[in-house]
Amino acid sequence: LDQLTGIVFEDCVFYGGIDTAAAQSLWLQTSQNIEFRGRNKIALAITDENTSYPLRLTTTSNIEAEELILLGGGVLATAASNNILIDNFKYGYPPGRGATEANQNGLSLTGVDGWLISSGNLVSGGKFPTIGLALFTDCSDITVRWWGSPTSKVNGGNRLTYICSMAGICGDIKFQRVYFTGLNGAETFLGLNSAKNVLLENCSTDYNDEMEADCNDMIVRGHHVAS
């Protein structure tokens, strides 16, 4: 879908995709002012998700979603896909997918600005990918909050290697009240010193996990992680 303006999707189901590189079920390009009302599901109908995502955004801005359920992968967004609000976000891979069929990040964002992803979780019966929850490259003003709780953590199923990796020049990144268990790797939050103004607040993972806090101007507050 290209060059849409002022479109409302309400209680929709998008289903599609073929076994080719970079397939997607819903691809919004060069669009703005898009609203997802009610519960909207986006399912990817292919067997190898390594380079494919149910939802792909390219140069698309000003999106608000009340509830998004993504099946078969997460979100891929590239430069100038800005001002995105996703509430009640759930995603996951089919339980039969192995390590080589879900080798990606759930949120793969590059060169975007002004994102809020709130109240996230794994879709019921699904699996997480085998790299990470989020990879941010050259992004700014990104907030991820409200995944699980201190007494009911989101279970990574020993598949997620990290919660977040910040690459390139990132700034103003926030993770707040994000609670995970069952990571596959030792790292929880990774960041190069080219990233700055990072806030990790009231988050936790397992006691045997560690954090690579290499960002500049970084605040870690109320955090629970060992090493």
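On a per residue basis, the chain carries 42 Å² of accessible surface, using protein heavy atoms and a 1.4 Å probe. Computed from the alpha carbon positions, the gyration tensor of region 108-227 leads to an equivalent ellipsoid with semi-axes of 21, 16, 13 Å, biggest first. A Gaussian network model of the chain, with springs between Cα atoms under 10 Å, assigns the largest mean-square fluctuation among 162, 15, 91 to 15. Computed from backbone phi with θ = phi - 60° and the Karplus coefficients 6.51, -1.76 and 1.60, the 3J(HN,Hα) list for region 134-150 is 9, 10, 10, 10, 6, 10, 9, 6, 10, 10, 10, 8, 6, 10, x, 8, x Hz; x is used for glycine and proline. Computed from the C-beta positions of residue 64 and residue 158, the FRET efficiency with R₀ = 25 Å rounds to 0.15. Run through the DSSP bridge list for the chain and note the antiparallel percent, rounded to the nearest 5. If we restrict to bridges inside the chain, about 5 percent are antiparallel.
Charged side chains reduced to their Cβ positions (Lys and Arg at +1, Asp and Glu at -1) give the chain a dipole of some 440 debye around its Cα centre. Using a Gaussian network model of the chain in which every pair of alpha carbons under 10 angstrom is joined by a spring, one finds that among 74, 96, 156 the greatest mean-square fluctuation is at 96. Among (i) 14.7; (ii) 10.9; (iii) 13.5, only one was calculated for this model; which label is it, if the read-out is mean projected area of the Cα convex hull in nm²? Checked against the structure: label (ii). Take the alpha carbon gyration tensor of region 2-68, find the square roots of its eigenvalues, order them as a ≥ b ≥ c, and report rounded if a/c is under 1.5; if not, report prolate when a/b exceeds b/c, else oblate. The shape class here is oblate.
Between residue 24 and 18, the built amide H atoms are under 5 Å apart, and every one of these is 5 or more places off in sequence or on another chain.
Estimated from the Cβ-Cβ distance and a Förster radius of 41 angstrom, the FRET efficiency linking residue 118 and residue 210 is about 0.95. Averaging the Cα positions of each part gives two centres, and for region 94-150 and region 1-79 these lie 14 Å apart.
The values are calculated or read from the model by the stated rules, or taken from the named source; none is laboratory data. Predicted model, so just to flag it, every value in this text is computed and none were measured. Glycine gets a Cβ as well: all are built from the backbone with ideal geometry, and neighbour counts include every protein chain shown. Protein only, heavy atoms only, side chains kept; ligands, DNA and RNA dropped before computing areas. Shrake-Rupley method; radii C 1.70, N 1.55, O 1.52, S 1.80 Å.
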